[in-house]
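Peer 1: Can you read through this structure? Questions will come right after.
The values are calculated or read from the model by the stated rules, or taken from the named source; none is laboratory data. No experiment lies behind these values; they were computed from the predicted model shown. Positions of Cβ are generated from backbone atoms using ideal geometry, with glycine treated the same way; all protein chains shown enter the neighbour counts. Heads up: the accessible areas ignore ligands, DNA and RNA and are worked out on the full protein's heavy atoms, side chains in. Shrake-Rupley method; radii C 1.70, N 1.55, O 1.52, S 1.80 Å.
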Amino acid sequence: MPDAAASFSSRLAGVRERIAKASLAVGRDPGTVRLIAVSKTQPTPAVRTAVAAGCGVLGENRAQELVAKAPDLADLAPRWVMIGPVQTNKARDVARWADEVQSVDRVELVDALERRCAQAERTLEVMVQVNTSREASKHGVADDAPAVIDLVRAIAERDRLSVRGLMTIGTLGGDEAETRRCFRALASLQARVRDAGIDGVAVDDLSMGMSGDLELAIAEGATTVRVGTALFGPRRLR
Ligand SMILES: *Cc1c(COP(=O)(O)O)cnc(C)c1O
């Protein structure tokens, strides 16, 4: 096995071990946690190595980068997940290349994705991103049940979009209690959205937790974790 493949595989084994331990610690089946390999900034050969090692779900945070990489990896048919802010004028690229968008935060973007999906004859699974950390620098809908429910409803009404769940980025920087508060807030919003009883909407997926805080996220109910540096090593310069 070439070096790059061997070292990726050993980091992947480490991340899977962390997921398994964190799941078992709270009585959860590790198989209920989906791993997204966040490939942003990583060059195509590194991403190819990741998919070959078993990471079939990839996360990107910029539309330009998604458009640059996805065609090169089409032979491996990974699932592409958009996890970064999407400008409305990038909806076309995202509708064309992504399978899932976790960073939906406004009706205007919902409309643009619906229209572009119809043109491309594609469908998208969508998550509402919530700003649970309440930092102005973070994107996402306010941590407020009526606002989240309104947006979920708007997505559910579209033909080409389906609601997959909710996504958040916990406060970074090591204050465990604060990070945990963010993850709890997302889980409680999930319950509120379910209580709203929107037709055909399950909101089953909670995307929260990254390299530094995936254990806390799993303890609080994450069903998707988004892991970049723990899998690929440090981010590259773009
Ligand atoms: C970059 C990124 C990640 C991965 O972060 P790591 O700390 O490298 O694991 C997860 N989620 C989002 C939204 C990101 O932009």
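Peer 1: Please list Ile36, Ile149 from largest to smallest accessible area, probe radius 1.4 Å, with all protein chains kept in place. Working shown, then result.
Peer 2: Details: Ile36 0, Ile149 25 Å².
Most to least solvent-accessible, the answer reads Ile149, Ile36.
Peer 1: Additional query: Arrange the peptides 180-187, 50-57 so that the one whose residues have, on average, the most other Cβ atoms within 10 Å appears first. Could the numbers behind the result be given before it?
Peer 2: Values: 180-187: 20.1, 50-57: 18.5.
Sorting 180-187, 50-57 by mean packing, highest first, produces 180-187, 50-57.
Peer 1: Hey, another quick one. So what is the diffusion coefficient of the stretch 68-185 in µm² per second by Stokes-Einstein at 20 °C and 1.002 mPa s, using a Kirkwood Rh over Cα pairs?
Peer 2: 144
Peer 1: Around Ala118, under 9 Å between beta carbons, what's the net of Lys plus Arg minus Asp minus Glu among the other residues? Intermediate results must be reported in sequence, preceding the final value.
Peer 2: Working: positive: Arg115, Arg116, Arg122, Arg160; negative: Glu114, Glu121, Asp159.
Result for the neighbourhood of Ala118: +1.
Peer 1: Ok, one more. If amide hydrogens are placed 1.01 Å from N in the peptide plane, which non-local residues have theirs closer than 5 Å to the one on Met167?
Peer 2: Val128, Gln129, Val130, Ser207
Peer 1: Relative to the present Cα-Cα distance, how much length would full extension add between Thr123 and Glu178 at 0.36 nm per residue of separation?
Peer 2: Full extension of this stretch gives 16.2 nm more.
Peer 1: Another question, then. At 1.4 Å probe radius, can you tell me the per residue accessible area of the chain in Å²? Before the final figure, lay out the partial values.
Peer 2: Working: 10680 Å² over 238 residues.
On a per-residue basis, 45 Å².
Peer 1: Oh, and also: What Kirkwood Rh does the stretch 136-238 have if only Cα atoms enter the pairwise 1/r average? Answer in Å. The partial results should precede the final answer.
Peer 2: Details: mean 1/r = 0.0681 Å⁻¹.
It is 14.7 Å.
Peer 1: Report the one residue of Thr49, Pro30, Pro78 whose Cα lies farthest in the direction of the positive end of the charge dipole of the stretch 1-98 (charges on C-beta: Lys and Arg +1, Asp and Glu -1; origin at the Cα centre).
Peer 2: Sorting the options by dipole projection puts first Pro30.
Peer 1: In square angstrom, rounded to the nearest 10, how much accessible surface does Val225 have for a 1.4 Å probe?
Peer 2: So the heavy atoms of Val225 present about 0 Å² to solvent.
Peer 1: So between Arg96 and Ser137, what do we pick up on full extension, going 0.36 nm a residue minus the alpha carbon distance? Present the calculation step by step, with values, prior to reporting the outcome.
Peer 2: Details: separation 41, 0.36 × 41 = 14.76 nm, distance 2.80 nm.
Roughly 12.0 nm would be gained on extension.
Peer 1: What are the ³J(HN,Hα) values, in whole Hz, obtained from phi via the Karplus relation 6.51 cos²θ - 1.76 cosθ + 1.60 with θ = phi - 60°, for each residue of the stretch 123-128 in sequence order, with x given for Gly and Pro?
Peer 2: 10, 9, 8, 10, 10, 8
Peer 1: Would you mind getting the Kirkwood hydrodynamic radius of the stretch 123-179 from its Cα pairs, rounded to one decimal in Å? Show your work: numbers first, answer last.
Peer 2: Values: mean 1/r = 0.0811 Å⁻¹.
Over the stretch 123-179, the inverse of the mean reciprocal pair distance is 12.3 Å.
Peer 1: Per residue of the stretch 75-89, in order, report the coupling 6.51 cos²θ - 1.76 cosθ + 1.60 (Karplus, θ = phi - 60°) as ³J(HN,Hα) in whole Hz, putting x for Gly and Pro.
Peer 2: The phi angles translate into 5, 8, 6, x, 8, 9, 10, 8, 10, x, x, 10, 6, 4, 6 Hz.
Peer 1: Additional query: Over the chain, what is the mean sequence separation of C-alpha contacts under 8 Å (at least six apart), divided by residue count, expressed as relative contact order in percent?
Peer 2: On the way: 450 pairs, mean separation 48.1, N = 238.
Reported as a whole number, the value is 20 percent.
Peer 1: Which percent of the accessible heavy-atom area of the chain goes to carbon and sulfur, probe 1.4 angstrom? Display every interim value, and only then the final one.
Peer 2: Values: 5270 of 10680 Å².
Reported share for carbon and sulfur atoms: 49 percent.
Peer 1: While we're looking at this one, here's another question. Where in the chain are the DSSP H helices whose C-alpha atoms run 15 Å or more along the long axis and whose mean Kyte hydropathy is at least -0.5?
Peer 2: Working: long enough: 3-25 (33 Å, 0.16); 107-120 (20 Å, 0.06); 145-156 (16 Å, 1.57); 176-195 (29 Å, -0.68).
Taking the DSSP H segments of the chain (at least 15 Å long, mean hydropathy at least -0.5), we get 3-25, 107-120, 145-156.
Peer 1: In whole Hz, with x marking every Gly and Pro, tabulate ³J(HN,Hα) for the stretch 160-169 from phi via Karplus 6.51 cos²θ - 1.76 cosθ + 1.60, θ = phi - 60°.
Peer 2: For the stretch 160-169, the Karplus curve yields 9, 10, 10, 7, 9, x, 10, 10, 8, 10 Hz.
Peer 1: Sticking with this structure for a sec: If each DSSP helix of 4+ residues adds -39,500 (n - 2.57) and the sum is divided by the residues in the chain, what number results at 222 nm, nearest 500 deg cm²/dmol? Write down the numbers at each step before the final one.
Peer 2: Values: 9 runs with 102 residues, N = 238.
Dividing the helical sum by the residues of the chain leaves -13000 deg cm²/dmol.
Peer 1: Also: According to the Kirkwood expression over distinct Cα-Cα pairs, how big is the hydrodynamic radius of the chain, in Å?
Peer 2: Numbers: mean 1/r = 0.0556 Å⁻¹.
For the chain, inverting the mean 1/r across all distinct Cα pairs yields 18.0 Å.
Peer 1: I've got another one for you. For Arg34 and Ala202, what does the FRET efficiency come to when R0 = 22 Å and r is the distance between their Cβ atoms, rounded to the nearest 0.05? Walk me through the numbers before you get to the answer.
Peer 2: Numbers: r = 15 Å, r/R0 = 0.68.
The computed FRET efficiency comes out at 0.90.
Peer 1: Still on this model: Set the Förster radius R0 to 25 Å, insert the Cβ-Cβ distance between Ala77 and Lys21 as r into 1/(1 + (r/R0)^6), and round the FRET efficiency to 0.05. Before the final figure, lay out each step's value.
Peer 2: Numbers: r = 31 Å, r/R0 = 1.22.
My answer for the efficiency is 0.25.
Peer 1: Once a ≥ b ≥ c are taken as the square roots of the eigenvalues of the Cα gyration tensor of the stretch 31-116, is the result rounded (a/c under 1.5), prolate (a/b larger than b/c) or oblate (a/b not larger than b/c)?
Peer 2: Prolate is the answer for the stretch 31-116, as a/c is 1.5 or above and a/b outweighs b/c.
Peer 1: Work out, step by step, the length gained on full extension between Val107 and Ser162: first 0.36 nm times the residue separation, then minus their alpha carbon distance; give nm to one decimal.
Peer 2: Values: separation 55, 0.36 × 55 = 19.80 nm, distance 1.40 nm.
Length difference between fully extended and current span is 18.4 nm.
Peer 1: Sticking with the crude label model, points 7 Å out along Cα→Cβ, report the distance from Leu237 to Ala46 in nm, one decimal please.
Peer 2: The answer from the label model is 1.4 nm.
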